[in-house]
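The values are calculated or read from the model by the stated rules, or taken from the named source; none is laboratory data. As the structure is a prediction and not an experimental result, all values here were calculated from the model. Cβ placement follows ideal geometry from the backbone for every residue including glycine, while neighbour counts extend to all protein chains displayed. Surface accessibility is based on the protein's heavy atoms, side chains included, excluding ligands, DNA and RNA. Shrake-Rupley method; radii C 1.70, N 1.55, O 1.52, S 1.80 Å.
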Amino acid sequence: TAQQTYYQKNLNFANALANLNVDLTDVLANWTVANPTVVAGPPLKFTCAATGKAGTPYAGLTVTMTYNLGGAKTLVDDSGKTM
């Protein structure tokens, strides 16, 4: 949602979480979240990966989200399985 808002204001997706003005405090307790990677396309899209932190139930798990301009999105775990 924050990326969609950013796009409406800037006609591009943000390539840094800090640019999104979003509070990730709860997420960051269990996950390390990488900055988004913007791909020019077409279609314009971004990917963002989150990796479970050691000592949490999510340790060893990486989830990558890809969002295409127009609304198509996928979630893929580190085994390549679409969620």
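Can you tell me which condition T56 does not meet? The list is (1) within 19 Å of A2 (Cβ to Cβ); (2) in a loop (DSSP other than H, G, I, E, B); (3) open to solvent by less than 60 Å² (accessible area, probe 1.4 Å); (4) not small (G, A, S), and all the others hold. With respect to (1) within 19 Å of A2 (Cβ to Cβ); (2) in a loop (DSSP other than H, G, I, E, B); (3) open to solvent by less than 60 Å² (accessible area, probe 1.4 Å); (4) not small (G, A, S), T56 is out only on (1).
Any residue at all in segment 36-48 that's farther than 18 Å from L69 by Cβ and of a type in the set (A, V, I, L, M, F, W, C)? The answer is no, given that none of the residues of segment 36-48 is farther than 18 Å from L69 by Cβ and of a type in the set (A, V, I, L, M, F, W, C).
Exactly one residue out of T37, T1, T32, T5 is open to solvent by 70 Å² or more (accessible area, probe 1.4 Å) and modelled with pLDDT under 95, and it is T1. Tell me, which residue of segment 54-83 that is polar (S, T, N, Q) and in contact with a Ser or Thr (Cβ under 8 Å, 6 or more places away or on another chain) is farthest from V27 (Cα to Cα)? Checked segment 54-83; the qualifying residue farthest from V27 (Cα to Cα) is T82. Any residue at all in segment 66-80 that's under 20 Å from Y6 (Cα atoms) and basic (K, R)? Among the residues of segment 66-80, at least one is under 20 Å from Y6 (Cα atoms) and basic (K, R), which makes the answer yes. Only a single item in (1) modelled with pLDDT of 95 or more; (2) in a loop (DSSP other than H, G, I, E, B); (3) not acidic (D, E) is not met by A50, and it is number (2).
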